[in-house]
Every structure is written in structure tokens, then in C-alpha cells.
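Notes to accompany the following structure.
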Amino acid sequence: MIALKFGDIIIAAASLAIISKLIYLPLALALSPSLGVYGGFLLSVVISILASAIITGYIYTQKIWEENRTKTIAKTTVLLTAFVWLTALMESAASADWTPKIKAEYLTTNPTATPTAFEWYYIENLVLNVAIFVAIVLALALGFIGLYIGSTLKKPTKT
């Protein structure tokens, strides 16, 4: 019996993250002109996470099936989600354009509002946390579904 060790889960989740990035960029470049920047970005993220999870599930089928399948997939998905969370956090911290965009959208929606500096901080923080929340939910759902599908595509060999 081949047991999936924590190191294997780390490698599986890292493989999933790397494969996802390799799928994402060409897809985003291809879809953004026709769907717009945000539409192309979002569809590319969804497709890349799902496709990379299916590929990773297929690659690690043997080890996934020989241990508790659902538990192994869940562990890998949680670790992938931690990668996605950190990436989303770093991307929001690195982007200086969030503040003007959030302020413009908020004032368009609430033209008579005059938030204080603290309230602006809270509004911006809330918007960024919503984006991170969406990334986490997508990673959890698509990662689990993709790993499950990928692990069913190839039947494990009997040892």
C-alpha cells in the first residue's frame, strides 16, 4: 500500500498551482480581447483551476485511490486554497490602482456619500476581502471537483 504522505500532498498542490498558472496566461491572453479584461480574466481563472485539478488528479490517481480518496483530495484542495489565498493577498497588496477604482465605484453608487478616511479604509478593505473570498471559494470548489474527476479518469493499478 502506497500512503500519500504530507510531502506528496504539498507536491500535488504545488503541481496544481503551477499547472494552473501555465494554463491561465495563454488562456487569458486569448480570451481577454473577445470577452474584455475582467471577463477574460475570470473565465481563464475558472478554466485553469478546473483543468489543472483534473490533470493533477489524473497524475496522482494511484496515490489518491490507495488512501482515503475524499480526505486526500480535501487535503490537497485546502493546501491549494492556501496558495490561492496568499496569491490573491499579494496581488491586492501589489496593485496601487485598487484605491481609485474602489472610490470611483463607491461614489458612483453613493453620490452623496462623504466617507471619512477610516471609512474609506474599511470600504477598500471590504472590497479586497470580497475578491479574496471569491478566489478562495473558487479554489475550494473547482479544486475539489477537478481532483475528483481527474482521479476517476484513470483506474489505479492493483498492487
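The values are calculated or read from the model by the stated rules, or taken from the named source; none is laboratory data. Bear in mind that the values here come from a model prediction, so they are computed numbers and not experimental data. Cβ placement follows ideal geometry from the backbone for every residue including glycine, while neighbour counts extend to all protein chains displayed.
Listed by position, the helices (runs of 4 or more DSSP H) enclosed by the range 43-147 that each have at least 3 residues that are of a type in the set (Gly, Ala, Ser) and over 20 Å from Ala12 (Cβ atoms) are 69-94.
Would you please name the residue that is surrounded by the most Cβ atoms within 10 Å (Cβ to Cβ), looking only at residues in the range 97-121 that are more than 22 Å from the chain's Cα centre (by Cα) and closer than 29 Å to Ala17 by Cα? Out of the qualifying residues, it is Ile102. Taking the criterion of being basic (Lys, Arg) and more than 16 Å from Ile145 (Cβ to Cβ), would at least one residue in the range 57-70 satisfy it? Yes, some residue in the range 57-70 is basic (Lys, Arg) and more than 16 Å from Ile145 (Cβ to Cβ).
For Ser48, which of the numbered conditions (1) farther than 23 Å from Phe6 by Cα; (2) surrounded by fewer than 18 Cβ atoms within 10 Å (Cβ to Cβ); (3) hydroxyl-bearing (Ser, Thr, Tyr) fails to hold? Going through (1) farther than 23 Å from Phe6 by Cα; (2) surrounded by fewer than 18 Cβ atoms within 10 Å (Cβ to Cβ); (3) hydroxyl-bearing (Ser, Thr, Tyr) one by one, Ser48 breaks only (2). It is to be established whether one or more residues within the range 12-33 are in a loop (DSSP other than H, G, I, E, B), surrounded by fewer than 18 Cβ atoms within 10 Å (Cβ to Cβ) and more than 20 Å from the chain's Cα centre (by Cα). No, every residue in the range 12-33 fails to be in a loop (DSSP other than H, G, I, E, B), surrounded by fewer than 18 Cβ atoms within 10 Å (Cβ to Cβ) and more than 20 Å from the chain's Cα centre (by Cα). Pairing each residue of the range 14-26 that is in contact (Cβ under 8 Å) with a residue 24 or more places away in the chain with any residue that is assigned to a helix (DSSP H, G or I) and aromatic (Phe, Trp, Tyr), provided the two are 6+ apart or on different chains, yields C-beta distances under 8 Å for Ala14/Phe83; Ala17/Phe83. Looking at the structure I just gave you, is Thr70 surrounded by 10 or more Cβ atoms within 10 Å (Cβ to Cβ) and modelled with pLDDT of 90 or more? For Thr70, the condition - surrounded by 10 or more Cβ atoms within 10 Å (Cβ to Cβ) and modelled with pLDDT of 90 or more - is not met. Would you be able to say whether some residue in the range 149-158 is closer than 23 Å to Ala51 by Cβ, in contact with a helix residue (DSSP H, G or I) (Cβ under 6 Å, 6 or more places away or on another chain) and not in a helix (DSSP H, G or I)? So far as the range 149-158 goes, yes, one or more of its residues are closer than 23 Å to Ala51 by Cβ, in contact with a helix residue (DSSP H, G or I) (Cβ under 6 Å, 6 or more places away or on another chain) and not in a helix (DSSP H, G or I).
Any chance the range 33-45 includes a residue that's of a type in the set (Val, Ile, Thr), within 21 Å of Ala141 (Cβ to Cβ) and modelled with pLDDT of 90 or more? The answer is yes, given that some residue of the range 33-45 is of a type in the set (Val, Ile, Thr), within 21 Å of Ala141 (Cβ to Cβ) and modelled with pLDDT of 90 or more. Might you check whether a residue that is in contact with a Gly (Cβ under 9 Å, 6 or more places away or on another chain) and not small (Gly, Ala, Ser) occurs anywhere in the range 63-75? So far as the range 63-75 goes, yes, one or more of its residues are in contact with a Gly (Cβ under 9 Å, 6 or more places away or on another chain) and not small (Gly, Ala, Ser). Of all residues in the range 3-60, those being of a type outside the set (Ser, Thr, Tyr), touching a Lys or Arg at 6+ places or on another chain (Cβ under 6 Å) and over 19 Å from Phe83 (Cα atoms) number 1.
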